[in-house]
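Shown next, in structure tokens, is the structure this report addresses.
Every number in this text was worked out from the coordinates using simple rules, so none of it is lab data. Computed from a prediction, not measured in an experiment: that's the story for all the values here. Counting neighbours? That spans all protein chains shown, and the Cβs are built from the backbone with ideal geometry, glycine included.
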Amino acid sequence: MTESATEPTIFERIAAREIPARIVAETDRVIAFHDIAPKAPVHVVVTTKQAGYRDVVELAEGDPALLAELVAVARDVADDLADGDFRLVFNTGGGAGQTIFHVHAHLLAGRLEEGSLAG
Ligand code: AMP
């Protein structure tokens, strides 16, 4: 786990309903909402309600059950909003396009353009 940030991340603020978002699913520890800048017909951010893990590598090492819960929420959203088939993209590191250092997956579904991975 990384040191706790002094300021809540934007995703924590969405989970706390301080910032509006189109929330599509949530559990006690995971929340999913439409990406504000969609790159696919279905583009949903699936993230932990609390920050603490910067990326999927930290989450996998620190709380694999929470990572599994995040994946299960992504599957449920893909079932609800698409035909159940989906891509799950974890941008990891700034060089890979990660801009928010609070672990999150991009759930992409629907007809995807070639090379249209989120980032
Ligand atoms: P990344 O670049 O992998 O860190 O992904 C961050 C994602 O968060 C981007 O796809 C943004 O479009 C998305 N995003 C940023 N702010 C918001 C917001 N307020 N509501 C929904 N999605 C957001």
(message) How high is the relative contact order of the range 1-65? Use alpha-carbon pairs under 8 Å, at least six apart in sequence, and give a whole percent.
(response) 34 percent
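Quote the relative contact order of the range 10-109 in percent (integer), defining contacts as alpha-carbon pairs under 8 Å separated by 6+ residues. Could the numbers behind the result be given before it?
Numbers: 167 pairs, mean separation 30.3, N = 100.
Normalised by residue count, the contact order of the range 10-109 is 30 percent.
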(request) Give, as a single signed number, the net charge of other residues whose beta carbon lies under 15 Å from the beta carbon of V30, with Lys and Arg counted +1 and Asp and Glu -1. (result) -4
(request) Using only the alpha carbons, work out the radius of gyration and Dmax of the range 10-109 in angstrom. (result) 12.3, 32
(message) Using the Karplus curve 6.51 cos²θ - 1.76 cosθ + 1.60 with θ = phi - 60°, what ³J(HN,Hα) values do you get for each residue of the range 88-97, in whole Hz, with x for Gly and Pro?
(response) 10, 10, 10, 4, 10, x, x, x, 9, x
